[in-house]
Amino acid sequence: MSLPVKLEEDLSDLETMPMFYFPRYLSPFDPKSSPHHFFDVLIVGGGLAGLRAAIEIDPNLRVLVVTKDVARHSSSAWAQGGIAGVIHSEDCFENHVGDTLAAGCNLCERPIVEMVVREAPERIKELICWGTTFDEEAGELALGKEGGHSHHRIVHANGDATGAEIMRAMASWTDRLPHVTLWEDAFTIDFLTDREGCRGAVVARAERQIALVWAKQTILCTGGAGQLYRETSNPEVATGDGIAAAYRAGAALRDMEFMQFHPTMLYIAGSNRRLITEAVRGEGARLIDCRGERFMGDYDERMELAPRDVVSHAIELQMRKTRHPCVYLDMSHLDSGMIRSRFPGITRVCKKFDIDIAIDPIPVRPGAHYFIGGVSVDAEGQTSVPHLWAAGEVTASGLHGANRLASNSLLEGMVYGAHAGAAASRAAMAMADNFTAVPLSQTPTSMHEDQLDLADIRNSLKSLMWRNVGVRRSQSGLEEAAAMIDRWCRYVLPRQFVDVEGWELQNMLTVAYFMIDAALAREETRGVHQRIDFPDSNDQTWRQHIRYQRCGSEGYPQRSDSPLSV
Ligand SMILES: Cc1cc2nc3c(=O)[nH]c(=O)nc-3n(C[C@H](O)[C@H](O)[C@H](O)COP(=O)(O)OP(=O)(O)OC[C@H]3O[C@@H](n4cnc5c(N)ncnc54)[C@H](O)[C@@H]3O)c2cc1C
């Protein structure tokens, strides 16, 4: 069965569309009884992209940053390996651009890659100015190397705890900005829109109190969607809320078929699926199977340092070949002192399970890690909805193409946070104050007496995505997933929920819907999108982005293909 997507040329018979629809707002709100708050700029998400954007806003403007959990829970804070930038005198921008384009498998937007790579040294300097302490060697920044990078160019902190250190510094810097207010535990349900564009957001605060936040400009920085998968490195907050809410508000989505799987996540029953950074392989760790055989040579001449999609795919095949649920990272041939001091976090976690990383093989398998697709933005972070900007993992910017090069995403958050912040700030400065709520139209959703077991549907969704929309995909698996999502959407999307669990599930189903539809449409293998029934890339037909936009009052998606800008 195929999904109810309308292709661009075929919009005439919307009435024949299926039973479920995408409501415009998940939860009804009553402007007469809800509290109203007025800000110049609203930033949804307090990870690296959100805080970088906040720093860029003119101090004469009032800024609100909202996070759905406590601010320290974000992918940014969990980042391990580091941030990429051309720092070493033997490296150059052309190398970093070339490596990013090669990883992206002919689907990167070259002007965007050039722009981001050239800004990297300046953005890294900013982080240092704002208090980040990166690791050094002989008084210079220590530079790591990761899969797909031709040179040492990964700046890191506390060995493998780069994100925690960057976010510590960024949080303490933004804390000192008197014009920036932070609301934690504030779940953004939807963006408020009228004919003019985005006007702010509907936010559920503590005790389910719904507030209407009006803003001249809104910046979306809600991160990724790894929680759609059973196996993931992502924190609990990564449920794709921002992507789904942006779609409901009319923003175009792009590249939804591209979920990057990290090849090496710790696989121990009882532990969370912690990521074992790529830098471990950069330092010389080998991948071995359950028989102790090093196998990457059978798949790629770059061995363990091949790009992530290649390594994930090889691990999946090797697990099948050996009928074993994982493979192993082996560092027993490396200097044990160096290993323990370079990777203190991983050493600590593995020790809890009686694994000494310098001696024992570490059990690993792939997991959903980074969502390449998302809200389509231009070089300034402008979405297709006026007054709505976006930055960071929530976006599809064209930087990563069909596969993200390691350590390019913290960089993307810094660059796009700065651009979106600057553009939103300029736009807000040019607008007059208007402290009134505007009339908005809402589509009805319905309250149901019967309770759904939301946890059950969520777990089933995560298993389905892992099984059928994971590292290796096929038409039959994707069609089976499409049929299930269709069924769940029919009875979950039109309902009115009153808490985060329900809204998250509605968002996860919405994002899954687009991921599967795009994965079915792209009948080729490219980067992280591996179709076993179409094992080759097809540049002639598929060197383009798949794009979705809401149309009609029921919010049916209109699918179109957009060519690369180069
Ligand atoms: C384990 C791990 C290791 C990684 N290592 C690296 C690395 O070494 N180098 C690298 O470049 N990249 C790495 N990445 C990827 C990188 O960390 C992320 O892509 C990047 O940090 C995303 O930043 P962000 O600001 O876009 O989103 P996040 O940092 O995820 O922040 C999202 C924010 O949005 C908020 N939010 C979400 N939904 C809502 C909602 N409905 N309402 C209100 N707020 C909401 C969250 O509360 C959070 O504050 C890693 C990722 C993980 C998970």
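The values are calculated or read from the model by the stated rules, or taken from the named source; none is laboratory data. Computed from a predicted structure; not experimentally measured. Every residue, glycine among them, receives a Cβ derived from its backbone with ideal geometry; neighbour counts consider all protein chains shown. Ligands, DNA and RNA are stripped out before the accessible areas are found, and what is left, the full protein with its side chains, is counted by its heavy atoms. Shrake-Rupley method; radii C 1.70, N 1.55, O 1.52, S 1.80 Å.
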Packing-based ranking, highest mean first, of 510-517, 161-168 given that Cβ atoms within 10 Å are counted: 510-517, 161-168
With every protein chain in place, what's the accessible area of residue 88 (1.4 Å probe, Å², nearest 10)? 80 Å²
Using 7 Å Cα-to-Cβ label points, what is the residue 118/residue 455 separation (nm, one decimal)? 5.3 nm
Taking a virtual spin label 7 Å from the Cα of residue 106 along the C-beta vector, which residues in the stretch 508-522 bring their backbone nitrogen under 16 Å of it? 522
Quick check: pseudo-label points 7 Å beyond the Cα along Cα→Cβ at residue 69 and residue 175, how many nm apart are they? 2.0 nm
For the chain, the dipole about the Cα centre with charges only on Cβ (Lys and Arg +1, Asp and Glu -1), to the nearest 20 debye, works out at 700 debye
Treating the beta-carbon of each Lys and Arg as +1 and of each Asp and Glu as -1, no other charges, what is the dipole magnitude of the stretch 166-258 about its Cα centre, to the nearest 20 debye? 260 debye
C-alpha center-to-center spacing [the stretch 201-234, the stretch 481-531] in angstrom: 18 Å
Separation in nanometres of the label points that stand 7 Å from Cα toward Cβ, at residue 158 and residue 30: 4.7 nm
With +1 on the Cβ of every Lys and Arg and -1 on the Cβ of every Asp and Glu, the dipole magnitude of the stretch 419-561 about its Cα centre, in debye rounded to the nearest 20, is 460 debye
Convex hull (Cα only) mean projected area of the chain, reported in nm² to one decimal: 25.2 nm²
In whole angstrom, note down how far apart the Cα centers of the stretch 73-99 and the stretch 323-358 are. 24 Å
Starting from the stretch 262-323, pick out the GluC sites (Glu not before Pro) whose DSSP state is loop and whose Cβ has at most 14 other Cβ atoms within 10 Å. 293, 301
So what is log10(I(q)/I(0)) for the stretch 25-134 at q = 0.16, 0.17, 0.22 1/Å, when the Debye sum runs over its Cα atoms only? -0.97, -1.04, -1.30
In the stretch 177-233, carbon and sulfur make up what percent of the accessible area (probe 1.4 Å)? 41 percent
Provide the percentage of antiparallel DSSP beta bridges, counting only those with both residues in the chain; round to the nearest 5. 65 percent
May I ask you to derive the relative contact order of the stretch 200-304, considering only C-alpha pairs under 8 Å and at least 6 residues apart, and to give it as an integer percent? 13 percent
Based on Cα positions only, what radius of gyration and what Dmax would you give for the stretch 142-183, in angstroms? 14.8, 43
Starting from the Cα-Cα distance between residue 440 and residue 206, subtract it from 0.36 nm times their residue separation and give me the gain in nm to one decimal. 81.8 nm
Largest first, what is the accessible-area ranking of 435, 534 with a 1.4 Å probe? 435, 534
Under 24 Å between alpha carbons: how many lysine pairs meet that in the chain, if sequence neighbours fewer than 8 apart on the same chain are excluded? 4
Computed over the chain, the relative contact order (Cα-Cα under 8 Å, seq sep at least six) in percent reads 24 percent
Rounded to two decimals, the Debye log10 I(q)/I(0) of the stretch 181-246 (Cα scatterers, no solvent) at q = 0.20, 0.21, 0.23 Å⁻¹ is -0.87, -0.93, -1.04
Longest principal axis of the chain (C-alpha) makes with the long axis of helix 454-468 (C-alpha) an angle, in degrees to the nearest 10, of 50 degrees
In whole percent, what relative contact order does the stretch 217-258 give with Cα contacts below 8 Å and a gap of six or more residues? 31 percent
Is it possible to state the helix-based mean residue ellipticity at 222 nm for the chain, with each DSSP H run of 4+ residues giving -39500 (n - 2.57), the sum divided by total residues, to the nearest 500 deg cm²/dmol? What is it? -10000 deg cm²/dmol
Mind ranking 145, 125 by accessible surface for me, highest first, 1.4 Å probe? 125, 145
